[in-house]
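The values are calculated or read from the model by the stated rules, or taken from the named source; none is laboratory data. From a predicted model like this one, the values you see are computed outputs, not experimental measurements. FYI the Cβ positions are ideal-geometry reconstructions off the backbone, even for glycines, and counts take in every protein chain you see.
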Amino acid sequence: MTLYVYLVAGWLLLVGSLGIVRSRDLVHTVVCLSVAQSGTYVLLIAVGYQRGATAPVFGSTTPPSENVVDPVVQAMTLTDIVVSATVTALLLALVIQIAKRHGTLDPDHLSSLKG
Amino acid sequence: MVPSADPAATHLAPLAFTVPIIVACLLLALGRRLPRWAVDGLATTTAAAVAGIDVLLLMAARDGRVVTWAGGWTPVDGTTVGIALVADPLGVGAALIAAILMLCALVFSWRYFDSAEAHLHALMLLFLAGMTGFVLTGDLFNMFVFFELMGAVAYALTGFKIEDPTSVHGALSFGVVNSLGAYLTLCGIGILYARTGELGLAQLAVALRGNPPEALLVTAFVLVLTGWLVKAAMVPFHFWTADAEAVAPTPVCLLFSGIMVALGVYGTFRVYHVVFAPVLPAPGVQCLFLVFGAVTAVVGAVMCFAQRHLKRLLAYSTIAHVGLFLLAFGTLDAAGTEGGALYVAGHAGIKSALFLMSGVILNRYGSVDEIDLHGRGRHAVLLPWLMPLAGLALAGLPPFGLGMGKAVAEEAVATAGGWWAVAVFVLVSAATGGAVIRAALRIYRGTGRAPEASPPGTEETSGTDEEAEVSGLLQRVPLTMLVPIVVLLLGALALGVVPGVSEAFHAAASRFTDGAGYVARTLGAPAPLPAPTAPSGWTLSGVALSLLSSAMALAFALAALHHDRLPATLRAAARPVAPVLRGVRALHSGHVGDYVAWLFVGVAVLGAFLAAGAL
Amino acid sequence: MSRPARLVLFLVAAAGVAALLVVAFLDLPPFGSPFHPYRDRAVAAAVAHATANVVGSVTFDQRGLDTLVEETILLGSVAGAAALLRPSKEERENTTVPEGGRVLEATKLTGYLLLPVTLLVGIDVVVHGHLTPGGGFQGGVLLGTAVHLLYLTGHYRALDRVRPLPVFDSGEALGAAAFAALGIAGIIAAGAFLGNILPFGTFGELLSAGTVPVFNIAVGVEVASGVIVLLAKFLEQALRVQREAVS
Amino acid sequence: MTAAIAVALAMVAITATAVVFTGDPVRQAVTLSVFGLTLSVLFLLLQAPDVALAQIGVGAAVVPLMVMLTLRRIRRHR
């Protein structure tokens, strides 16, 4: 199970990167980048999991004596999700401008920067 | 008992990045209602204020480190839940350079084009906050977050000239490659956290103490470093650099080239010295940086000399110099670190001044193509002298600070690597300096043959179509553009001549390489002082080598300008180089898919290299 | 590089990276293990500060610096995206607001019904962030998207009216500024940057956790405004910005 | 519980692969949204409701919406 869980995280990272490498459309590139990033979410949340423990939110059903999963990785993942959304927004804004300036979104046909 | 410094000093570190954040918020909230001069004034004053805070912090950290626990979570028995800010002289020094460069960039952009409702100024201040926080924080995940702040703002700044096709293209490549690097860094952080349950640099070091150098640590080290090294533009992570630095607005280029790439180097060696130095054998790591540093330096120098686009030329020269930084810091000892830090500081002054000069050229003549600009600057007054001088200084001309750093670093790498590393230093300095001198002579003196129409079908980015950054071309260069150039050059000169600089840098370097002291001080244990070693400074051999590389730079420049008058044997000897050069240039394709493939090649090779050395 | 060459290069390198990852994964503690030293300390610290949602405590109280920077990233990105999506020299913004296309009555109704519900849930998620799952960010995203349900109803014009962009522009910046200012208030009142300066109150009650709910509200304002501005810029590009007719 | 997690992980891996191999960006916006939802289910199962909530908002709504608006803008331009 351990290896399986972490391999899924690694798979997301690698398959997202593969998507960027073989992408024919920059919108697709940006989306694949966000898939690669979700590998880090899965890794972090999996690292913080404890079998039989509940969510780290105390209340009437969960007294503070109860075992909870790691809240620190969850806070890290929240930050990571914000980063993902904002970076995606910035890159999509750039993609819109590229489409306007170059008339194409195929990275194979963008040739303004060479050498 | 926690050895606490002056309590007021502990509040300086958070203020150094909170002040620019708050002012940026104000600019964004009020920007459209403020007149332009108020926006300029507010932003410039803030950069100056941050520089002032950095100076105070530097004075407080002079005899050690200033530790601030955000939220007041001071460790009890060495453990805590909070984040530490750890200001040591080298880190604060880097923050100070960033603030000074930001000040120069903002003054330079007073005459700058449309700032889009103060967005440009607000983004610049947020960029400064990101850089400052990155060097001050003592927590690995917090480093990642500040790194992302630097990144996100930098992508927007790179693409700021939305009418320019190269600008938005370069920004996207930068964004994708840099983000992917950051995600690999985060994976490394996740792996370290799973193993140790810690995120603070000092706490990680304690948790890993006594660990054998196992595979997990190699992977974690390589992954964490990937993001930092992408930022540092180490080959083969460097492809985004020329694309982004050549197309960003000039004031932004200055910051990218002058300090941002150096912060990647800072992050790399900060993490190594504090967390990994006790668990990964030093010879393997040293060898890694000697090899990658040398390759980066050579690739950067070759690509630099081959450019005609002035800003791309400078960007590739930065890559070459990053290679030299890596060589110097890669010695992992105090002497090499001292040389590297001096070199970074001197380089910041010279390279920033050069980027500003390229901005002046762009806004005066409407192009940054060296060939196209042949002889166009004959009637200029000051720059025809300053630009070749800066070229010589880039090659290491004494008594500029960059030359002193080069001299100190050469001595250190000779011990760690051997004579070949010194040769790399001399040749690479000469080639990058030579390229700048060549461009200066061609533009300002009309040296060499006048250009013919370039043959059709040559695909390279020449810089003829670069968009000017002021409305209408400048008739004369305004004082607000000249003063920052002169100030930066004088600053670089002062580093080399003011007495005591070498001693101060040596003390800072000794702190930086003393990971155990960092850990002890952060977690509140008494820190043993590192064994004192002698600072180096200028030496006779150093001056000789620096004069040699300056002379070679001049020779390279003249040879390139008058290559048709070179003896036939020399030209024949150079002929086999051409296809190699074409091949290397073809790799820099501007294709983001290529760049990502190379990113993974870099990670795999780093991993294999280190595993072979460590396990 | 040609496509096949690039793919081969990547696959070989990715295999190397995968190998690096696998050897590291094999050395990690098993999935679901009870080894979480930071968790143990974080839970104790959250209870000491009367914060029922430990994630909220970590986010705003224990590692508040991460969140300050995270919110700054959001601020910078929204400003950056707005700058990148500004109408360029040869473009102009269409002043006549286009009416959305024909929308099914059922869709309209869903939009109208969902809007108030979503707004209420969003506010609830923000305000109870220190007690229940959620907080300023989650609630803010909900609020920011809820307003755009009006677009779903086909009333872009109505959306344009309830969404005075300059207000949200300023709202975002002021939310972020409030966060940073709270950090400095910590220095003044408690002697520590981002220190928790309010009384902790009773564990599990609305007024508890000290400054955590205040941070949640600041972040809620910032994120809701930020999402609105961001989506508005993309909507403007999609619907309104046009290239000036070449004369 | 473990079995549910294993299934959710498999779903995440499969939908992620689907997103990457969907060449047409318009259809990709939809698969991306589905991927965002499967991720939030996984986070719920791993006892991370805070993260699941954020992921639903961002991964299943805001980001796919931005992708769709980008595509609309680009197609209008062509």
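Structure summary
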| item | result |
| --- | --- |
| Qualifying residue in region A:81-100 (condition: within 7 Å of another protein chain (Cβ to nearest Cβ), charged (D, E, K, R), crowded, with 23+ Cβ neighbours inside 10 Å and on the phi < 0 side of the Ramachandran plot) | no |
| Region A:36-59, subset more than 8 Å from chain C (Cβ to nearest Cβ) and of a type in the set (Ser, Thr, Tyr), residue farthest from A:Leu18 (Cα to Cα) | A:Thr54 |
| Output for region B:81-118, where each listed residue is touching a Lys or Arg at 6+ places or on another chain (Cβ under 8 Å) and more than 17 Å from B:Cys253 (Cα to Cα) | B:Val81, B:Gly82, B:Ile83, B:Val86, B:Ala87, B:Asp88, B:Pro89, B:Leu90, B:Gly91, B:Ala116, B:Glu117, B:Ala118 |
| Criterion: under 23 Å from A:Gln97 (Cβ atoms) and buried (at least 21 other Cβ atoms within 10 Å of the Cβ) - qualifying residue of D:Leu39, D:Leu69 | D:Leu69 |
| Residue in region B:365-387 that is under 19 Å from the mean Cα position of the chain (by Cα) and either aliphatic (A, V, I, L, M) or part of a helix (DSSP H, G or I) (or both) present | no |
| Failed item in (1) within 7 Å of another protein chain (Cβ to nearest Cβ); (2) of a type outside the set (Lys, Arg); (3) closer than 23 Å to D:Phe21 by Cβ, with A:Ala9 passing the rest | (1) |
| Residue within region C:164-179 that is more than 11 Å from chain B (Cβ to nearest Cβ), surrounded by 17 or more Cβ atoms within 10 Å (Cβ to Cβ) and at pLDDT below 85 present | no |
| Subset of region A:1-56 [β-branched (Val, Ile, Thr) and over 18 Å from D:Ile14 (Cβ atoms)] | A:Thr2, A:Ile20, A:Val21, A:Val27, A:Thr29, A:Val30, A:Thr40, A:Ile45, A:Val47, A:Thr54 |
| The listed residue being farther than 20 Å from B:Met143 by Cβ and either hydrophobic (A, V, I, L, M, F, W, C) or without any contact (Cβ under 8 Å) to a residue 12 or more places away in the chain (or both), out of B:Val295, B:Val224 | B:Val295 |
| Matching option when the condition is surrounded by 22 or more Cβ atoms within 10 Å (Cβ to Cβ), among the β-branched types (Val, Ile, Thr), touching a residue at least 12 places away in the same chain (Cβ under 8 Å) and under 21 Å from B:Ala557 (Cα atoms), among B:Ile371, B:Ile437 | B:Ile437 |
| Meets criteria (closer than 27 Å to B:Asp63 by Cβ and more than 14 Å from chain C (Cβ to nearest Cβ)) for B:Leu96 | yes |
| In region A:1-54, the residues that are surrounded by 24 or more Cβ atoms within 10 Å (Cβ to Cβ) and assigned to a loop (DSSP other than H, G, I, E, B) | A:Ser23, A:Gly48 |
| Residue check for B:Ala118: buried (at least 24 other Cβ atoms within 10 Å of the Cβ), under 26 Å from A:Met76 (Cβ atoms) and either more than 14 Å from chain C (Cβ to nearest Cβ) or not hydroxyl-bearing (Ser, Thr, Tyr) (or both) | no |
| Residue satisfying all of: in region B:492-522; among the charged types (D, E, K, R) and part of a helix (DSSP H, G or I); surrounded by the fewest Cβ atoms within 10 Å (Cβ to Cβ) among these | B:Glu503 |
| All positions within region B:536-546 that are in contact (Cβ under 8 Å) with a residue 60 or more places away in the chain and either acidic (Asp, Glu) or surrounded by fewer than 16 Cβ atoms within 10 Å (Cβ to Cβ) (or both) | B:Thr539, B:Ser541 |
| Answer from B:Ser589, B:Ser549 - the residue that is within 24 Å of the chain's Cα centre (by Cα), within 14 Å of chain C (Cβ to nearest Cβ) and polar (S, T, N, Q) | B:Ser589 |
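Every residue, every condition in (1) surrounded by 12 or more Cβ atoms within 10 Å (Cβ to Cβ); (2) more than 26 Å from B:Val408 (Cβ to Cβ); (3) in contact with a Lys or Arg (Cβ under 8 Å, 6 or more places away or on another chain); (4) not basic (Lys, Arg), yes or no:
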residue: B:Gly524; (1), (2), (3), (4): yes, yes, no, yes
residue: B:Ser549; (1), (2), (3), (4): yes, no, yes, yes
residue: B:Leu566; (1), (2), (3), (4): yes, yes, no, yes
residue: B:His591; (1), (2), (3), (4): yes, yes, yes, yes
residue: B:Gly607; (1), (2), (3), (4): yes, yes, no, yes
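One line per residue, one yes/no per condition, for (1) over 30 Å from A:Gly59 (Cα atoms); (2) of a type in the set (S, T, N, Q); (3) assigned to a helix (DSSP H, G or I):
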| residue | (1), (2), (3) |
| --- | --- |
| C:Leu7 | yes, no, yes |
| C:Val17 | yes, no, yes |
| C:Ala24 | yes, no, yes |
| C:Val55 | no, no, yes |
| C:Thr72 | yes, yes, yes |
| C:Ala82 | yes, no, yes |
